[in-house]
Amino acid sequence: LAPSSAPAPAPAPGMLLEPIDSSSGPFLRPVPALDGDAGHVSLELFVGPGSAEPQGAPVSLRQTPSDRKSGPLLLRRRGLGSCPLAFETPDLSEPSFASDASWSLQPELFHLPGTLAVATPRLGHRLLAAVADAGPESEACSGRGAGVRLLCEATGAASWPDDVRRSACWRPAAPRLESCASVRAAESAGAEDASISKAWELLRVGEQSAAAAMLRTLIAKAPHSFDAHFALAVVSDVRHDGRGFREAVGRCLEINPRHAHAWLFKGMADSSRGDYEAALAAFARVLELDALGVRGAQAASSSEVIRKNLACGLRAEPCWANALPRILAQRPRDVPVELGRGLGRGLVARPRPVFGGGRHCVQVWDDALGSELLSHLRESVDDLCIWGLRNPQQCQSFWLPRGAVPRTAAEAAGRLLLEEVLGERADDFAGIEWWCKNQAARLGAHFHYDTALQDGGFPRAAYASVLYLSDVGGPTVVLDQVADMHCDRWPEVPQEGHLVMPRLNRYMVFPGELRHGCMPVDDCRSPRYVILFNFWARHTPSAPSCQVPDFSNYSPVSEWAVTSKYLLSQEALRKLAAVERQRHRARRQVALESCSPHEMDCSSDFGDLPLALPLPSLPRLRSGPGGVAAVLRVRWRTCAEELAGRGSVGDVVAAKCEAVGIPLDLNSR
């Protein structure tokens, strides 16, 4: 950053964010992007004499490629004279990003328009020290009111030492720069950086407890260090320490309330506690600070999912008057199913004995698993869910291929359910896709089809299924809608649905091509735990969405993960399987009950239907076998015909559909 004779580039039209009096000395200014960096933001710090054309060695700030995980900016120094050529902020997966050779800057910290602010105290210390090293009496900083336009508003000026704050906010009226204070601050920042760098290294090699302890020691000495608190938040998240994560994120925002990544973390923490209103507010703050950046995109996506999952709830409102004519207006389909080239019927459908012989297409069992296997599942479901949300490989579901040996209780349970409950041979299937969910019971799951996300088209599992590991929350709702090339959901108005209330150790299965979701019924914030298993007959879902997981680590972020403790020995897994194969008589199949139209005094549009459909009340949903957790078949068309005073039109519908083989009746289909 030493003064240079190289002329400063002129600002591009429209890039000047605020009027700058160049006579005031060193300052930051927007400049044209470097060669090859078109469209990126560049800011330069000039340490030059008070003249109309300031000169100096610029610091360039530019946008990173979209596939980097480090955050949205790189900071680098352009080579002028003896200045180094470039410094970058590497991936968060490389914990050395806080080292001396890596300065971290985030674009959301620049408060625009009005001020240009140094992003972090650490960087501020260095820039101040660099200016001070030129000497307040030197030619570089002499002249009328030479000053430093390095405002610390965005980093929370109150958190800086008083002497550094005075230096940072030094105005042209002040007689000189307090260089000694700045140099002392820079030395302190160097020691802080070294400790943070060591903590990142400990995290990388899997010493997560040691990394957290080192950061807490540093925070005790430097309680206003944003970088230390932020690093502790990341370490706590990797350790699955939810309370530590929330506390560290809260402290980050006290120090710097304009940090978009910290607000993103707050939204994640609020979501995990079931406070979705607070989460939406936090994500809205991210969008204010980083509307076009990576964090903003993440916040927008998370907000959309939360809103959709909250919108599909049960309403205490009758709707037969509006729904009845629209249900009866649904006509039979007059075109055959078409899935496109290469996606023939064999990919989707295969003989499914569990639904044969006139049985319903939704089947439910209670006491599905033995107590020991169930205990393993309940112990591991939360951590496995978090690993699924955080893993650097970005896999959203896990894959157990045919012939692979299970390594976790969940994988063993999936294969046992396929063989012992559904009566299928595991070798007849390509594999098992599975994932865990832990969310507050007040949140639903928007209605969707389970599909291979990376593959497009209409691949569907032969069976979709849910294993419930708690008693709270609303029902899984399976509609009679399917999709093909002609229609994304048919029938457009559902004619039939199934509602399965959660109950510990309950297992339900349905055809994988049916549209389904979860309907919240109250404001309960207790965790609703489930494990979902999709059994694929021939298709293997593609990566990265579905992968064989390695629960032993979080590589490259950390070489160890808390989920490694759920990797069981083959002997332990064999014992669990042997117990399950002897308890087939202990499982109890739950009979589906039907609802009369007079029991349906509530309603829901499931978030995106063109109308609300009648549904049973919450007391009815909770009045199943033994007085708890109902399993209901809701036949909207039959009920509508009854209310309208009609006889059944089933025979007429069947006749009309005989040519194409697509009756409205779900069991017939």
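Every number here is computed from the coordinates shown, using simple stated rules; none is lab data. As the structure is a prediction and not an experimental result, all values here were calculated from the model. Backbone-built Cβ (ideal geometry, glycine too); neighbour counts: all protein chains shown.
Please work out the Kirkwood hydrodynamic radius for segment 255-306, using every pair of different C-alpha atoms, and report it in angstroms with one decimal place. Please report the intermediate quantities before stating the final value.
On the way: mean 1/r = 0.0966 Å⁻¹.
Final number for the Kirkwood radius of segment 255-306 is 10.4 Å.
Would you please give the FRET efficiency between Gln589 and Lys221, computed as 1/(1 + (r/R0)^6) with r the Cβ-Cβ distance and R0 = 45 Å, to the nearest 0.05? Spell out each step's value before the answer.
Working: r = 63 Å, r/R0 = 1.40.
After rounding to 0.05, the efficiency reads 0.10.
As a rough guide to protection, the peptides 200-213, 323-336, 456-469 ranked by mean Cβ packing within 10 Å, highest first, stand as 456-469, 200-213, 323-336. Annotation for segment 270-328 versus segment 449-469: alpha-carbon center distance of 23 Å. Two numbers describe the Cα atoms of segment 218-368: Rg and Dmax, which are 24.6, 74 Å.
R0 = 22 Å: FRET efficiency of Gln394 with Gln570, Cβ-based, nearest 0.05? Before the final figure, lay out the partial values.
Details: r = 29 Å, r/R0 = 1.32.
Calculated transfer efficiency: 0.15.
Along its three principal directions, the equivalent ellipsoid of segment 320-466 from the Cα gyration tensor extends over semi-axes of 30, 21, 19 Å, largest first.
From the Cα trace of segment 185-282, what convex hull volume per residue do you get, rounded to a whole Å³? Please list the in-between numbers first.
Working: hull volume 8.4 nm³, N = 98.
In segment 185-282, the Cα convex hull volume per residue is 86 Å³.
Pairs Lys198/Lys266; Lys198/Lys565; Lys266/Lys308; Lys221/Lys266; Lys266/Lys437: which exceed 22 Å Cα-Cα? List each step's numbers first, then the result.
Working: Lys198/Lys266 25 Å; Lys198/Lys565 26 Å; Lys266/Lys308 20 Å; Lys221/Lys266 25 Å; Lys266/Lys437 20 Å.
Distance filter (> 22 Å) returns Lys198/Lys266; Lys198/Lys565; Lys221/Lys266.
Between Ala321 and Ser301, the FRET efficiency estimated from the beta carbon spacing at R0 = 30 angstrom works out to 0.20. Fully extending the segment from Glu254 to Asn667 would add 142.9 nm, taking 0.36 nm per residue of separation and subtracting the current Cα-Cα distance.
Each peptide among 256-266, 306-316 gets the average number of other Cβ atoms lying within 10 Å of its residues, and from highest to lowest they stand as 256-266, 306-316. By the compact-protein rule of thumb, 2.2 N^0.38 Å, the alpha-carbon radius of gyration of segment 556-644 corresponds to a ratio of 1.83.
Packing order of peptides 290-297, 400-407, 475-482, highest average first: 475-482, 290-297, 400-407 (average count of other Cβ atoms within 10 Å over each peptide's residues).
Mind pulling up the Rg/Rh value for segment 196-241? Radius of gyration and Kirkwood radius, both on Cα.
Working: Rg = 9.4 Å, Rh = 10.1 Å.
Over the Cα atoms of segment 196-241, Rg/Rh equals 0.93.
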